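Bear in mind that the values in this text are calculations on the coordinates, not laboratory data. Note that the coordinates shown come from a computational prediction; the quantities given were computed from them, not determined experimentally. Here the Cβ is made from the backbone with ideal geometry for all residues, glycine too, and neighbour counts use every protein chain on show.
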Number of protein chains: 2
Amino acid sequence: MTDDRRSAGAPTLEDVARAAGVSRATVSRVINGVRNVDPAIQEVVRQAVSVTGYAPNRAARSLVTRRADAVALVVSGAGVEADVGAEAEAGVGAEAAAGSGAGRAGGGSRATAGGGGSFTAQVFADPFFGRVVTGVVDYLRPRGMHPVLMFAETSRARDEVVAYLRQGSADGALVVSTHAEDPLPGLLTEAGLAAVLFARPARPVPISYVDLAHQDGARLAAEHLLARGCRRLATISGPLDVPAGRARLTGFRDTLARHGHAYIPVAEGRFTQESGEAAMERLLAEHPDLDGVFAANDLMATGACHVLREHGRRVPEDVAVVGFDDSSAALACRPPLTTVRQPVEAMAAEMARLLLDRPPGPSSPATSVIFEPELVVRASA
Amino acid sequence: MTDDRRSAGAPTLEDVARAAGVSRATVSRVINGVRNVDPAIQEVVRQAVSVTGYAPNRAARSLVTRRADAVALVVSGAGVEADVGAEAEAGVGAEAAAGSGAGRAGGGSRATAGGGGSFTAQVFADPFFGRVVTGVVDYLRPRGMHPVLMFAETSRARDEVVAYLRQGSADGALVVSTHAEDPLPGLLTEAGLAAVLFARPARPVPISYVDLAHQDGARLAAEHLLARGCRRLATISGPLDVPAGRARLTGFRDTLARHGHAYIPVAEGRFTQESGEAAMERLLAEHPDLDGVFAANDLMATGACHVLREHGRRVPEDVAVVGFDDSSAALACRPPLTTVRQPVEAMAAEMARLLLDRPPGPSSPATSVIFEPELVVRASA
């Protein structure tokens, strides 16, 4: 009975040919998109495919079309093979080139029983990555494609990604790099493989990317705090070896300098809530009279709000706080965060579009698409 | 020059044969794992593969091995085709069979510019799904396999998942269902496809699953609150048409009944922070003297803490709060949550193991693996 059900569940090319009243060869030509088949016959075959429920073997079709109809979605880091353990330990400090980060270690060390999972656990502890997946999936689905999720934080894992793409298992890679020193973008371009990055690579590599106008975003935060009347401002920056971290700090400082604020205290964080708490403690200790804080992402802004409350400061009455990203963390925070919106879903969809719409041939020039940030005003500032 | 690089990047079977000094046929047999090849020659070929960097075409290998070396990771819902829009609207109320849920709409409605992405956005707004991905990836990676991420909340999307598996694009499906009425488990078993669920299906289907002893977890929460001296207890339950939601409520009530507490107020939530806030408001309005709350997941417990603080109640001094899951939300909450740990990563890895280790043949009996919860004591209770 099980075999009956199975054969009912897996109709063959012969079943389709019989239902359509044509030869197997004709069915095969229609399915593989070979031209010069009479349109009426094509229609008959398509109906027979539909009636029988026939699903052409994907591997066989890939051999014909030379397309995998799959895209690799790669989250990469910068570790080397021997560093797996060390990197897992140091992982809480992992920087994120992508504006938000892979920093926070999930449910703490307990979240990664076995230890080997630290990198993946850190990655998904940040709402940023879920938004990337959302944008990619929403673009690919209507096109009948699905992302293959890969992680590449060691040299061996990077080699696996390159081999996977070379094998034709995916038609290209969408890469979210979590580290300024990540060698993967360079490896992909050297191998002539199709790839698009989220965020400009820290080191110059001829590879396409989408990014945000980070300085403009930080300017929006600075102008909002000034317009509220804040005069003793400080900032919790992201990691400064990451372009997005640097650009947000520069945009904030430059805007304030144009308004006469020559010196702005800065405490560097790592895009995690914990690092935001530690940075806020340092800033408060040295500048107890501050009245406005710009944190370079929402997780750090959430941490800052916690610490401010613990020190008896009301947000926003005593200290106004502006975040960056407009992730789910901004809404979960009390008070809900005023923040600079990074349209991560739209940016991720654009990555997929750039990858799939690229002109044929291996030598497509690298291109970039820069998105504009937007201020979202809620209760924290 | 680009062509040079490309040819350097894509060595052929011939290159391997030349480097190894054997025939193409021999290389092919070694690569495809055909037996009766001299071990010494196998080693020579493997070295030549390594030296040349040859990557066998995956589609071609799949045709030989009849394996995709890929697993579909499916997040499914219960919508029908015509309901896509309606379901997206109602999405904030989507229930989660998996213990935590797909409820919260990411960064609000703004997180899903374009509208079509609501389901995927909701899914990843919950830290639960990142933990599932982590567990699956950590199990698959050492085995050279990668998850293909699919979403199936409409009848059309479900058909696509079934077709994808029938085509041999993946060797089976790991399914996280977000709705009690989800028809996907039934469709997969009817089609004779290999699949494992996270959490017992709400309706009986002969399919393998991993799950948690939810009642035992709720018992741990109840005993902890009683041991603290709490006497006026209430609970924020999950959706009661979901087995995990029902089981946690039953376990909490039964334990308290055994200690003489005949009546326990309950407010039903949807596993989202927002629904936890609303439930806590209702409970406080009707029972202002309550001194302990068990919320059926950490997001709802976080919402409860916010509302309690807004009403001037100190946690845990005035009201003790216990969550469930031990997700990243438990650590992000102020105060950090005492919670019942669900080892989601280990459970997800076990799903993958059950799928890949199943005995050959289409008629493997369904099997289940139940994990034990554990109380994690932090500051909230």
Modelled label-to-label distance, residue A:38 and residue A:377, 7 Å Cα→beta-carbon offset: nm?
7.0
Using θ = phi - 60° and the Karplus form 6.51 cos²θ - 1.76 cosθ + 1.60, what ³J(HN,Hα) does each residue of region B:367-376 get, whole Hz, x for Gly and Pro?
9, 9, 10, 10, 8, 9, x, 8, 7, 10
Please compute, over every Cα-Cα pair in region A:317-381, the percentage with a separation greater than 16 angstrom.
57
Peptide A:154-166: average number of partner chain Cβ atoms within 10 Å per residue?
2
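Taking only C-alpha pairs under 8 Å that are 6+ residues apart, what is the relative contact order of region A:137-227 in percent?
Relative contact order, region A:137-227: 18 percent.
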If amide hydrogens are placed 1.01 Å from N in the peptide plane, which non-local residues have theirs closer than 5 Å to the one on residue B:375?
B:341
Might you report the magnitude of the Cβ-based charge dipole of region B:214-341 about its Cα centre, with Lys and Arg at +1 and Asp and Glu at -1, to the nearest 20 debye?
280
Per-residue HN-Hα couplings for region A:294-300 [Karplus 6.51, -1.76, 1.60; θ = phi - 60°; Hz; x = Gly/Pro]
9, 9, 6, 7, 5, 5, 5
Once the mean 1/r over all distinct Cα pairs of region A:174-226 is inverted, what Kirkwood radius in angstroms do you read off?
12.5
In whole Hz, the Karplus estimates of ³J(HN,Hα) for region A:257-264 (6.51, -1.76, 1.60; θ = phi - 60°; x where Gly or Pro) are 4, 5, 9, x, 8, 6, 10, 10
Cβ density ranking, 10 Å radius, fewest first, applied to B:128, A:124 yields A:124, B:128
Between the label point of residue B:241 and that of the same position in each other copy, find the distances and list them shortest first in nm, with every label point placed 7 Å from Cα along the Cα-to-C-beta direction.
5.2
Residue B:213/residue A:12 FRET efficiency (R0 51 Å; Cβ-Cβ; nearest 0.05):
0.70
Counting only other chains, what is the mean number of Cβ atoms within 10 angstrom of the Cβ of each residue in peptide B:322-333?
4
Positive end of the dipole of region A:214-341, charges at C-beta (+1 Lys, Arg; -1 Asp, Glu), about the Cα centre: which of A:329, A:236, A:255 has its Cα farthest in that direction?
A:255
Most to least packed among A:312-325, A:18-31 [average Cβ atoms within 10 Å]:
A:312-325, A:18-31
Got a sec? Which residues in region A:203-228 would a label at residue A:357 touch, if it sits 7 Å along Cα→Cβ and we count backbone N under 19 Å?
A:207-213
For residue B:213, inter-copy label distances in nm, listed shortest first [label point 7 Å out on the Cα-Cβ vector]
5.9
So the label point sits 7 Å from Cα along the Cα-to-Cβ vector; using that for residue B:25, what distances do you get to the other copies, in nanometres, sorted shortest first?
2.7
Zero-based 10 Å bins, Cα pair distances in region B:214-341, whole percents:
15, 53, 30, 1
